[in-house]
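Everything on this sheet refers to the single structure shown next.
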Amino acid sequence: MNGEAAAPMVGAPMVEAKALVKRFGDVEAVRGIDVQVRTGEAFGFLGPNGAGKSSTMRMIASTSPRSDGDLRVLGMDPDVDGPRIRARLGSVPQQDTLDTELTLRQNLQIYGRYFGMSRADVRRKATELMEFAQLSERADGLVDALSGGMKRRLTIARSLVNDPDLLLLDEPTTGLDPQARHMLWDRLFRLKAGGVTLIITSHYMDEVEQLCDRLVVMDDGRIVAEGSPSELIARYSTREVLELRFAPGEQGGIAARVAEFGERVEELPDRVLVYTGDGERALEQVHGRDVRPVSSLVRRSTLEDVFLRLTGRTLVD
Amino acid sequence: MANGGTASGGATGSGTTGTTGTTGTTGTTGTTGTTGATGATARVEIGSRSAGRVVGSWRAAWLRVEAHWTWYRRYWRSSLYSSGLQPVLFLAAMGLGFGSQVEAGPATGGLAYVHYVAPALLVAGAVQNAIGESSYPVLSGFKWQQDYYAVTATPVTAGQLLGGQIIWIVLRVGIACVVYTLVALLFGAWLNAGALLVVPIGVFAAVACGVPIMAVAATTYNEGERFAAIFRFLVMPMILFSGTFFPIEQIPAAVRWLAWISPVWHGTELARGVTLGGLGGWPALGHLAFLGVLAGFSAALARRYFYRRLVV
Amino acid sequence: MAPTTSATTRDATPTASARRGLLLRMLPAPLYTGRARALLERSAMVYSRAWLVFVSGVVEPLLYLLAFQVGFGKLVEEVTGPGGETMSYVAFVAPALLAASAMNGAVFDSTFNVFFKFRYNKTYDAMLATPLGPLDIALGEIGWAVLRGGLYAVAFLGVMAGFGLATSPWALLLVPVALLVSFAFAAIGMVCATFLKSPAQFDFVQLAVMPMFLLSTTFYPLSVYPEPLQYAVQCLPLYHGVELTRGLAVGVLDVSMIGHVAYLLVLAAAGAYFTAKRLAGLLLR
């Protein structure tokens, strides 16, 4: 996208939420969160399904009124200036809301028209975006015939039709195969390099780790931690993790026996995790104690470990 | 933090106002910039490079019509039947075929059956067409295709979306009515130029019947089974017992009021009035008012339900 | 006894194995395993929760009948019925409506329902992952449409009798005729459903059904048409159904009825066969 266009000043808050609340009847989906997204950054909401990420996203997208608290998007109040905000947003919802009975090109053109763009503009833009999404050769085919990954790419292309200042991506790669995910990430990197502010929700820690400069970890409608991926890992986890797997029924009591080899031990239904600065050494010590796991793995700490530490649960179950 | 953000936002805002201005919103953006500097509560829009802007309400609704038209250009063939052929077929089968068995008598106002039934069939066809277009296609926007959610993520609002849907149905039904009128002319079904007025009457009745169905669609969360029931228990009886094929005076008096509350009957009375005559000014106004109130009331209701479903 | 060991373990019902024995000689084994009944059970389960839709199908033709009783019948005093006898207009129309409603119900069941299961819910993909073959699915779905049509026919016949419109004991045969009409149209409808790509294309189905409903001498005698058109109308499948029901309702029998029945039987068989072929071609790739 026209990356050479004057990028807005870095540091101005694109989104600012204070004590933001969303209620559906008696259910409180978002329970008072404070968030600030700065211009030009890639910001992530990480959390399991039902953490309140999508509700937050839809409030930012100005398609869902807030129940309480304060929210500014692009400096404006969504309750007052919804259409003006939406005019400058790109939104990739969790479900592809494409018009499956039309061609790819028609989908982009019609969508662009809703942003008040001229026919000539949307025609030019559609061609450009199909190139960007690597869908040019299918431009005049029906959306119905596309694979899941292609539809997702088209939805992202569609969200870019108005050259948005802020792009919202709600679970952009859920349900896609690894290849399709990497291709999407590549496109998102390019956008970020072009100066577009990104907000991404995900329950995949690798996605957030790869794409986001800064993130908040959400659980049960609340923010439980905030920072850059490396900061969060440094703050809430150790450098390395030793994963030990045992045959069914043999895991009992192991956690206590290996506890001394790490700073912390977590027991999951299918494995025991030992948090330590040096995984290899811990493994040697475990073997020395005559503990015989079926398999073992030494790896770097991830956001998954951060989440486990903060909530006592795993992200994807 | 917040203060610094606002200040720099204001600065970039004024810096890029020029670019936005060229795309057409000079006045508003300009004023925003200045008030933002003075009042703390006023909106301070952060600088933009986006090509998007807000369009006026009528224009937004019209953009939806444009989208429908794009769809229609591809699929018009498959809708030829319901919009064009069905009423004509009914006219041929009932007006000419069945009509050949009917003797002109007091029931038909002394007219040949085809003259009697032609204006009523236009209304009935328009109503069916509009109801069809307002049921599953609208539900699909909410539920299957979910393209309504895509639209309301843009500057176009739920109300404008509804407006576009209504305008689209007016156009589609209007075209179908014109086609029917022309074909019926070949059948010799019209007695005078009053036939020209039957088209807007048909469209009006169609809107009055279609918009309530849109409201129903907006509150439907299952697979739309209720539409099957509506077609069978409401629409079919309405067409059969609203004076389309025979005078409602033949319906037993105890249940005749059911015809009086049928919008199809009001449309049919108007349509027969302008072609065959015999309709006074006050009754005509009454029929128009009935249809108008129904259309207005259900449009307000539909608008409410559209917002309730799309903006949650 | 069952021909293979695998079949004995899979199949406990003697009726199913008998049917398979007959059909196996004509059809490749994976096409048909004699389990069409499983689909009927599924449909019954589904409709036990959507009984209103089911009942509404009974009511619709009755509304038509009522409209003819109070309305149309007053406009037309008498018409020439089967065998050249004059009869009341309602008596003339009622048996035709029975045939037409059998057609409408069957087409609706076999196109709308089948289309959604086929394109969106992927119900058949799941079924074909079991021992069921495409012909099981075809016969099962058609069978349901026929059952439903039969039920409607019985209800309609009851009301006809109540109005004094069924004057001959032969009228009892209206029920099997309705079943045959249902079968034929359900089978053809299902073939068509496999060709549809978008719900908008249901208009094509309407395009075939509605003219048939209106023009197959349902509402007026064949003599209304000019002679060349009469031949065209006589080619329509529903015309044959109407001829059968109208003749039987007043007990005027005719050799030509054998021809009408044969026409519908051929249609039914062809429809079932091509449905299975289409499903096999589309789903068992």
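The values are calculated or read from the model by the stated rules, or taken from the named source; none is laboratory data. Model, not experiment: these values are computed from the prediction. When we count neighbours, we look across all protein chains shown, and the Cβ atoms used for this are built from the backbone with ideal geometry, even at glycine. Keep in mind that these areas ignore ligands, DNA and RNA; they rest on the heavy atoms of the full protein, side chains included. Shrake-Rupley method; radii C 1.70, N 1.55, O 1.52, S 1.80 Å.
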Next on the checklist: I'm told C:Ala193 meets every condition in (1) modelled with pLDDT of 90 or more; (2) part of a helix (DSSP H, G or I); (3) crowded, with 19+ Cβ neighbours inside 10 Å except one. Can you identify the failing condition by its number?
Outcome noted: (1)
Checklist outcome for this item: Note: among B:Pro247, B:Pro212, B:Pro237, just one is facing chain C (nearest Cβ under 9 Å) and touching a residue at least 40 places away in the same chain (Cβ under 8 Å), namely B:Pro247
Next on the checklist: Quick test of your reading of the structure: B:Lys143 fulfils all but one of (1) more than 14 Å from chain C (Cβ to nearest Cβ); (2) out of contact with any helix residue (DSSP H, G or I) (no Cβ under 7 Å at 6 or more places or on another chain). Name the failing condition by number.
Outcome noted: (1)
Item to check | Residue match in region C:125-140 (condition: surrounded by fewer than 21 Cβ atoms within 10 Å (Cβ to Cβ), acidic (Asp, Glu) and in a helix (DSSP H, G or I)) | outcome: yes
Checklist entry - Within region B:111-121, can one find any residue that is surrounded by fewer than 22 Cβ atoms within 10 Å (Cβ to Cβ) and within 13 Å of another protein chain (Cβ to nearest Cβ)? => result yes
Next on the checklist: Residue pairs, Cβ under 9 Å, 6 or more apart or interchain, first in region C:34-58 and under 25 Å from C:Ala99 (Cβ atoms) and open to solvent by 30 Å² or more (accessible area, probe 1.4 Å), second among the β-branched types (Val, Ile, Thr) and not in a helix (DSSP H, G or I). List them.
Outcome noted: none
Checklist entry - Is at least one residue of region C:209-223 open to solvent by 40 Å² or more (accessible area, probe 1.4 Å) and within 30 Å of B:Tyr72 (Cα to Cα)? => result yes
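Of all residues in region B:77-98 being aromatic (Phe, Trp, Tyr) and under 24 Å from the mean Cα position of the chain (by Cα), which is farthest from the other protein chains (Cβ to nearest Cβ)?
Start the filter on region B:77-98 by keeping residues that are aromatic (Phe, Trp, Tyr), which leaves B:81, B:90, B:98.
Filter once more, keeping what is under 24 Å from the mean Cα position of the chain (by Cα): B:81, B:90.
Working: B:Tyr81: 4, B:Phe90: 7 Å.
This residue is B:Phe90.
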Checklist entry - Could you list, in sequence order, the residues of region C:59-92 that are open to solvent by 40 Å² or more (accessible area, probe 1.4 Å), within 11 Å of another protein chain (Cβ to nearest Cβ) and hydroxyl-bearing (Ser, Thr, Tyr)? => result C:Thr80
Checklist outcome for this item: Scanning region C:117-141 for residues that are in contact (Cβ under 8 Å) with a residue 24 or more places away in the chain and within 14 Å of chain B (Cβ to nearest Cβ) gives C:Arg119
Checklist entry - Can you find even one residue in region A:271-292 that is under 30 Å from A:Ile33 (Cβ atoms) and either among the aromatic types (Phe, Trp, Tyr) or touching a helix residue (DSSP H, G or I) at 6+ places or on another chain (Cβ under 8 Å) (or both)? => result yes
Checklist entry - Just one of C:Val250, C:Val255 is at pLDDT below 95, under 26 Å from C:Ala94 (Cα atoms) and buried (at least 17 other Cβ atoms within 10 Å of the Cβ); which is it? => result C:Val250
Item to check | Counted residues, region A:122-138 - those being of a type in the set (Gly, Ala, Ser) and more than 15 Å from A:Met183 (Cβ to Cβ) | outcome: 1
Next on the checklist: When you scan region B:149-160, do you find a residue that is modelled with pLDDT of 95 or more and more than 13 Å from chain A (Cβ to nearest Cβ), even just one?
Outcome noted: no
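Per-residue answers, yes or no, for (1) in contact with a Pro (Cβ under 8 Å, 6 or more places away or on another chain); (2) farther than 21 Å from C:Glu60 by Cα:
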{"residue": "B:Val198", "(1), (2)": "yes, yes"}
{"residue": "B:Phe204", "(1), (2)": "no, yes"}
{"residue": "B:Ile239", "(1), (2)": "no, no"}
{"residue": "B:Ala254", "(1), (2)": "no, yes"}
{"residue": "B:Trp265", "(1), (2)": "no, no"}
{"residue": "B:Arg272", "(1), (2)": "yes, yes"}
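Take the residues in region C:219-250 that are more than 14 Å from chain B (Cβ to nearest Cβ) and among the polar types (S, T, N, Q); name whichever of them is farthest from the chain's Cα centre (by Cα). Walk me through how you get there before you give the answer.
From region C:219-250, those more than 14 Å from chain B (Cβ to nearest Cβ) are C:227-228, C:231, C:234-235, C:237, C:240-241, C:243-250; that's our starting set.
Add one more test, that the residue is among the polar types (S, T, N, Q), and what stays is C:234, C:245.
Details: C:Gln234: 19, C:Thr245: 14 Å.
Filtering first and then ranking leaves C:Gln234.
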Next on the checklist: Just the residues that are over 16 Å from the mean Cα position of the chain (by Cα) and open to solvent by 30 Å² or more (accessible area, probe 1.4 Å), please, taken from region B:146-181.
Outcome noted: B:Gln146, B:Tyr149, B:Val178, B:Val179
Item to check | Residues within region B:60-70 that are at the interface with another protein chain (Cβ under 7 Å from one of its Cβ atoms) and either closer than 18 Å to C:Gln206 by Cα or surrounded by 20 or more Cβ atoms within 10 Å (Cβ to Cβ) (or both), tallied | outcome: 2
Next on the checklist: Out of B:Val198, B:Val207, I need the residue that is closer than 30 Å to B:Arg309 by Cα and either in contact (Cβ under 8 Å) with a residue 60 or more places away in the chain or within 14 Å of another protein chain (Cβ to nearest Cβ) (or both). Which one?
Outcome noted: B:Val207
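Being out of contact with any Gly (no Cβ under 9 Å at 6 or more places or on another chain), touching a residue at least 60 places away in the same chain (Cβ under 8 Å) and open to solvent by 80 Å² or more (accessible area, probe 1.4 Å) is the requirement here; does A:Arg309 meet it? So that I can check it myself, show each step before the final result.
Numbers: out of contact with any Gly (no Cβ under 9 Å at 6 or more places or on another chain): yes; touching a residue at least 60 places away in the same chain (Cβ under 8 Å): yes; open to solvent by 80 Å² or more (accessible area, probe 1.4 Å): yes.
Taking the combined requirement at face value, the residue satisfies it.
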Item to check | Total residues in region A:66-102, condition under 28 Å from B:Val138 (Cβ atoms), more than 7 Å from chain B (Cβ to nearest Cβ) and open to solvent by less than 10 Å² (accessible area, probe 1.4 Å) | outcome: 6
Checklist entry - Restricting region A:143-191 to residues that are away from chain B (no Cβ under 14 Å) and hydroxyl-bearing (Ser, Thr, Tyr), which is farthest from the chain's Cα centre (by Cα)? => result A:Ser147
Checklist entry - Given A:Ala282, A:Ala255, which one is more than 30 Å from A:Gly44 (Cα to Cα), surrounded by 21 or more Cβ atoms within 10 Å (Cβ to Cβ) and touching a strand residue (DSSP E or B) at 6+ places or on another chain (Cβ under 9 Å)? => result A:Ala282
Checklist outcome for this item: The lone condition C:Gly241 fails out of (1) under 30 Å from B:Glu133 (Cβ atoms); (2) open to solvent by less than 10 Å² (accessible area, probe 1.4 Å) is (1)
Checklist entry - Going by the conditions given, is C:Phe213 under 19 Å from C:Arg148 (Cβ atoms) and within 14 Å of another protein chain (Cβ to nearest Cβ)? => result yes
